[in-house]
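To start, the structure itself, in structure tokens.
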Amino acid sequence: MQYVASCVQRWPPVRSVDGSKLLSFEDFKTLASDEPLHIRNAAFARNSRFSLETLAEELQDVCLPQTSMSAKQGARSGSGCTLLVADQGTECVMGAKPKAWDPQGCSFGALARKLGGNLYLTTRSGKAAVVRDGDGLRYDAPEDAECQDVLVRSFVPRVPVPLFLPEEPCQVAFWLGSAGNNFGLHSDLFCEQFLAQHQGAKEVLLLLPEDAAEVQPFPFLQSPLWYKSSARTVASLKLSLPGLRAVLQPGDVLFIPLWWWHEVRTVHGPSVSSTFRFHTEDAERFAKVMNAFYQFHKNAKEPLGGQSGVAQRFVIVFVIVL
């Protein structure tokens, strides 16, 4: 039997627990498994208001960089930080390569007033660049010459931190947008992550099919976006089994284990959320290997000494080796 994924309202919910008594990572581990976990009423180290209105008021004069930068499209700043303002336009899901909107040095206050429309802001630190600092967090990296870190430096000390996070350094990503924003179905591969909802509400659809072909990832020898679904949305898939569904309200945290595919859609806005990512040792090695294969195959498609078919021979050898 196939499940038409557009019927997601009937998908089973992610297992949920009361998070008010999860006061440490040890507490979390007693409940966690290799499946997602919806932690309601999570305990935070501090309950400071982390909303679009509060951030816009406190950081209204912070000057943004000239251009948007997306780590997912191969760009990197010196610090590993990226700041992307994407324009979803009239589409129900953002494209695999989101249309960037360049801040051109505008203030954060000015941008915040535009986030009620189709614009969506995401900014993230480099991997393992955020460390614990008392009951909060500290961004621990040199200043970025391209100013891609301006909001990370401002957001990190302010963000409420779930008490049950691991103590290790992590990457933190922030997401600010409005109802209807949807970044599309993808996997973050070798990282365990905690998605905290601070304002608004988000629907999260999660999949881990035995046959990864069901999520229609971009072929990794043809595209560097192999961690994204070419279908862009769960609603376009036909699955052998249904996935899981969670709707996050302010104060909720969703634990997403390694490899799970997920699609996140804002259902009530404005929405502010943060993701705390803990990458495994294999994360960087895997990304380098996959990107190297993609680049090698791309180069092999170019004529070499007048010969053709190099790319096809490369694919055949690669399949045999595997």
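FYI, it's all coordinate maths here, none of it is from the lab. The model shown is predicted, which means the values in this text are computed figures rather than measured ones. With ideal geometry, Cβ positions are generated from the backbone for all residues, glycine too; neighbour counts draw on all protein chains shown.
The charge dipole of the stretch 3-280, taken about its Cα centre with unit charges on the Cβ of Lys, Arg, Asp and Glu (plus for the first two, minus for the last two), comes to roughly 540 debye.
Applying 1/(1 + (r/R0)^6) with R0 = 30 Å to the Cβ-Cβ distance of Ala212 and Asp18 gives a FRET efficiency near 0.35. Rounded to 0.05, the FRET efficiency of the Arg138 and Lys99 pair, given R0 = 41 Å and the Cβ-Cβ distance, is 0.75. Calculated FRET efficiency, Asp34 to Arg10, Cβ-Cβ distance, R0 = 22 Å: about 0.40 to the nearest 0.05. Extension gain for Lys238-Ser48 works out to 64.2 nm (0.36 nm per residue, less the C-alpha to C-alpha distance).
A simple packing score, the average count of other Cβ atoms within 10 Å per residue, orders the peptides 196-208, 37-49 as 196-208, 37-49, with the highest score first.
The base-10 log of I(q)/I(0) for the stretch 47-132, evaluated at q = 0.15, 0.18, 0.21, 0.22 Å⁻¹, reads -0.63, -0.89, -1.13, -1.19 [Debye formula, identical scatterers on Cα atoms, solvent excluded]. Applying a threshold of 24 Å to the alpha-carbon distances of Lys97/Lys202; Lys99/Lys238; Lys114/Lys228; Lys127/Lys238; Lys127/Lys228 flags Lys99/Lys238; Lys114/Lys228; Lys127/Lys238 as lying beyond it.
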